[in-house]
Amino acid sequence: MKKIFTFAFALVCAIAVNAQTITLSGSTKEIAPVVLTAGADATAYVYVTGASTFCALESNLFLPEGVTITKKANSDLTKDEDGENIHTCQFSNKGAEGWKILIYTSELIKFTADQGSVMKLTLAADAAFKGGDAQFKGTIFTDPKTTVADSEVISIAETTGINDVKAIDVNAPKYNFQGVQVKDAKMFIQGGKKYIK
């Protein structure tokens, strides 16, 4: 009989402002260990805790060696009363950057943490799986009520260049600052430029 390996997921990624955290759970309605059998599939739920509401989240999920995500589905929290999806749930394998998890809506429909899971994943463990830890990193929650201070004004100038470069004519007449032509002086104007020797 194949051994069953359990790996519990701690609440490993928090946003201090909203005190929201994201984890994987074996239950859709509460945080519970995820149990995987080597060579088999298991269901895991992306579960968010915290008091705040949010309308989107993005995170990188790092799974133990030998575990992959084979399917995803929207949870009840991302559907309306008629069972229609109001949020889009996506995932993609980014290799060394983990699995990118993304949940968003174009209508800014929000849901509240602690109501249950926001995404259902099917995890597959290969025959050599021996357990391990998983972790969410780089989690970003988007709250439709969140505002930030305006940035400072950023000046964007037109590109300027040096045009019509002209060499100074050393034979041009020299003038003093009173406009009288001179042959030599310590301070003079030549070709429209001031010079001091």
Of Lys72/Lys100; Lys29/Lys100; Lys94/Lys130; Lys29/Lys79; Lys29/Lys72, those spanning more than 20 Å from alpha-carbon to alpha-carbon: Lys29/Lys100; Lys94/Lys130
Could you please state how large a percent of the accessible area of the stretch 39-101 is carbon and sulfur, counting protein chains only and using a 1.4 Å probe? 41 percent
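The values are calculated or read from the model by the stated rules, or taken from the named source; none is laboratory data. Please read these numbers as outputs of a predicted model, since none were measured by experiment. To get the accessible areas, we keep the full protein, side chains included, count just its heavy atoms, and leave off ligands, DNA and RNA. Shrake-Rupley method; radii C 1.70, N 1.55, O 1.52, S 1.80 Å.
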